[in-house]
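What follows is a short report on a single structure.
The values are calculated or read from the model by the stated rules, or taken from the named source; none is laboratory data. On a predicted model such as this, the values are computed, not experimentally measured, just so you know. So basically every Cβ, Gly included, is an ideal-geometry build from the backbone, and we count neighbours across all protein chains shown. The area values use the complete protein model at the heavy-atom level, side chains included, leaving out ligands, DNA and RNA. Shrake-Rupley method; radii C 1.70, N 1.55, O 1.52, S 1.80 Å.
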Amino acid sequence: QVSAALKEGHVTPTELCQRCLALIKSTKFLNAYITVAEETALKQAEESEKRYKRGQPLGVLDGIPVAVKDNFNTAGIETTCASNMLKGYISPYNATVVQKLLDQGAVLLGKTNLDEFAMGSGSTDGVFGPVRNPWSYSRQYKEKSVPKPRSVDEESNWVITGGSSGGSAAAVSSFTCFAALGSDTGGSTRNPAAHCGVVGLKPTYGLISRHGLIPLVNSMDVPGILTRCVDDAAVVLGSLAGHDPKDSTTVQDNFKPFELPNLPDVSKLSIGIPKEYHAPGLSSEILALWSKAADLFKNAGAKVIEVSLPHTRYSIVCYHVLCTAEVASNMARFDGLEYGHRSDMNNSTESMYAATRREGFNDVVRGRILSGNYFLLKQNYENYFIKAQKVRRLIANDFLKVFGSGVDILLTPTTLSDAVPYTEFIKEDNRTRSAQDDIFTQAANMAGLPAINVPTALSERGLPVGLQFIGRSFQEKQLLTVAKWFEKQVKFPMIQLEEVKRHNHDVFQHEKSASFS
């Protein structure tokens, strides 16, 4: 809709950019952005405006304001990974996905907040402080909240965004941009999408280039897409997907961008409900929604069957071993020699290394490095790392068997519950939280499958709840078509950001649309 408005001249790219920048300022309290590239964004918007005046826009994304998680390299804009280790680091090149967005004329507003080096599930562990969920300030949540004294209320009543791409999810949810990039290693795009009431797509491993995404777990990392509706996710995917000579893990075949049908038909589909996803700790609300969603498909003529993924119960432990092992390997590059932070300790090279890493990394990152190196020790390698690789293969095979039996799409919860208050969340350590929060999402990363979170309903507390669809490898069109059908059925309500609305009445008048496609 916004793309059409740009084409028809109802709004100019510069006006749109200025409105988004004004919104970023008035929602600063959310802490969604680490860096706002105001000057660069306005220049890009100006260029876009010239193209529209010539009648030569570069595509649907021309002039559309976007944001990028701060673990993607951006030339000329600081890339920190929310860590002291990279504070002040400016990359000499753009990540492939960032370059592709810019080549399409998108306007890059800035870099979004995250857990340090994307290790976490709350966006609470970065050096720039936690991200606040926009829904904490929505009319829907406030109406359902038990009133507290004002001082207590402000400090303890706000809820987390989920993570680690919480900044990107909050940015899209609070209307400061129309699409954002996240990264997804074990659910880091889908988890915050569920908590912030937006669409979060994790594409098939190898469909989108990882070049320029600072690696966490090379064999599972995928750039993720966050938007306010499924159609928008399809548009952004069309711009980003395809082979990249700079990333040998990308698929060789050409990717043809697709449009989703306006009236998707699900009557010929088979929807699988994995029984192992009835996990301990799953809230009764989400269980009921999951069941209602299955009924929606049944009533539309789809075949809904219970399926089994027997190795699911080992997946979170297996994921932890493989994740920390690859983290230990990837974090070795941050030694204070080539780039990033360097300690003043100069007694010896070893002491400089140690001090640099102690000062540069937080406890969570150091803990994962220690675990990973333990699993990779010569005496432990066979028992931990190799065994976990074998279990990973079994988990991937479970999915292959289910899809081989005629099931088209799997329907599962995305999270155990709606977003919890920050004060509750930090009572548990990062490791425990990640194990709980990644339970439904990390198996898709280990199998390399595409998965999407679709916002489904508001909980009794007035907070978003999402459900996850998992598809076959490289069958994004089918996955997104089903997601679009489901999105139309559930009619998820739009966030009513009262505090922001008061400051930006004019912006919200114009931004009623939830999408740009």
**Report entry** Scan of the range 346-362 for residues that are in contact with a helix residue (DSSP H, G or I) (Cβ under 8 Å, 6 or more places away or on another chain) and open to solvent by 70 Å² or more (accessible area, probe 1.4 Å), ordered by number
**Finding:** Asn346, Arg358, Glu359
Query raised in the report: From the residues in the range 3-58 that are of a type in the set (Gly, Ala, Ser) and touching a Leu at 6+ places or on another chain (Cβ under 9 Å), which one is nearest to Asp103 (Cα to Cα)?
Result: Ser48
Requested in this report: Return yes or no: is Lys303 in contact with a Leu (Cβ under 8 Å, 6 or more places away or on another chain) and open to solvent by 50 Å² or more (accessible area, probe 1.4 Å)?
Outcome: yes
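Rundown of residues vs (1) out of contact with any Pro (no Cβ under 8 Å at 6 or more places or on another chain); (2) assigned to a helix (DSSP H, G or I); (3) not small (Gly, Ala, Ser), yes/no style:
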{"position": "His10", "(1), (2), (3)": "yes, no, yes"}
{"position": "Cys17", "(1), (2), (3)": "no, yes, yes"}
{"position": "Phe29", "(1), (2), (3)": "yes, yes, yes"}
{"position": "Thr35", "(1), (2), (3)": "yes, no, yes"}
{"position": "Thr40", "(1), (2), (3)": "yes, yes, yes"}
{"position": "Lys43", "(1), (2), (3)": "yes, yes, yes"}
{"position": "Ser48", "(1), (2), (3)": "no, yes, no"}
Requested in this report: Look at Thr414 and say whether it is touching a helix residue (DSSP H, G or I) at 6+ places or on another chain (Cβ under 7 Å), modelled with pLDDT of 95 or more and among the β-branched types (Val, Ile, Thr).
Outcome: yes
Query raised in the report: Among all residue pairs at least 6 apart or on different chains, which show Cβ distances below 9 Å where the first residue, located in the range 138-154, is farther than 23 Å from Phe175 by Cα and the second is at pLDDT below 75 and open to solvent by 100 Å² or more (accessible area, probe 1.4 Å)?
Result: Asp153/Pro147
Query raised in the report: Within the range 185-217, which residues are farther than 25 Å from Ser459 by Cα and in contact with a Pro (Cβ under 8 Å, 6 or more places away or on another chain)?
Result: Pro203, Thr204, Leu207, Ile208, Ser209, Arg210, Leu213
Query raised in the report: under 13 Å from His211 (Cβ atoms) and open to solvent by 40 Å² or more (accessible area, probe 1.4 Å): does that describe Tyr89?
Result: no
Query raised in the report: Does Ser3 satisfy the condition of being crowded, with 19+ Cβ neighbours inside 10 Å, over 26 Å from the mean Cα position of the chain (by Cα) and of a type in the set (Gly, Ala, Ser)?
Result: no
Query raised in the report: Is it the case that some residue within the range 436-443 is modelled with pLDDT under 95, out of contact with any helix residue (DSSP H, G or I) (no Cβ under 7 Å at 6 or more places or on another chain) and polar (S, T, N, Q)?
Result: yes
Query raised in the report: Quick one: what pairs do we get from the range 49-77, first residue over 25 Å from Ala171 (Cα atoms), second of a type outside the set (Lys, Arg), C-beta under 6 Å, 6+ apart or different chains?
Result: Arg51/Pro57
Requested in this report: Filter the range 329-370 for residues that are aliphatic (A, V, I, L, M) and in a helix (DSSP H, G or I) and give the result.
Outcome: Met331, Met352, Ala354, Ala355, Val364, Val365, Ile369, Leu370
Query raised in the report: Do we find a residue being in a loop (DSSP other than H, G, I, E, B) and either of a type in the set (Lys, Arg) or crowded, with 19+ Cβ neighbours inside 10 Å (or both) anywhere in the range 254-262?
Result: yes
**Report entry** Matching residues in the range 89-133 - criterion: being farther than 25 Å from Leu237 by Cα and in a helix (DSSP H, G or I)
**Finding:** Glu116
Requested in this report: Please identify the pairs in which a residue from the range 296-316 that is at positive phi has its Cβ atom under 9 Å from the Cβ atom of a residue that is crowded, with 18+ Cβ neighbours inside 10 Å, counting only partners at least 6 apart or on another chain.
Outcome: Gly301/Val266; Gly301/Leu269
Report task. Kindly indicate the residue of the range 217-243 that is in a loop (DSSP other than H, G, I, E, B) and open to solvent by 10 Å² or more (accessible area, probe 1.4 Å) and also nearest to Glu259 (Cα to Cα) among those meeting that condition. Result -> Cys229
Requested in this report: Considering each of Pro455, Pro493 in turn, give the residue that is at pLDDT 95 or above, in contact with a Gly (Cβ under 9 Å, 6 or more places away or on another chain) and farther than 30 Å from Arg313 by Cα.
Outcome: Pro493
Query - Given (1) of a type outside the set (Phe, Trp, Tyr); (2) surrounded by 16 or more Cβ atoms within 10 Å (Cβ to Cβ); (3) at pLDDT below 95, number of the condition Gly105 does not satisfy - result: (3)
Report summary line: The strands (runs of 3 or more DSSP E) lying wholly within the range 388-495 that contain at least 2 residues that are crowded, with 24+ Cβ neighbours inside 10 Å and touching an Asp or Glu at 6+ places or on another chain (Cβ under 9 Å) are 451-458, 464-470
Query raised in the report: Could you list, in sequence order, the residues of the range 173-216 that are among the aliphatic types (A, V, I, L, M) and either open to solvent by 10 Å² or more (accessible area, probe 1.4 Å) or more than 8 Å from the chain's Cα centre (by Cα) (or both)?
Result: Ala179, Ala180, Ala194, Val198, Val199, Leu207, Ile208, Leu213, Ile214, Leu216
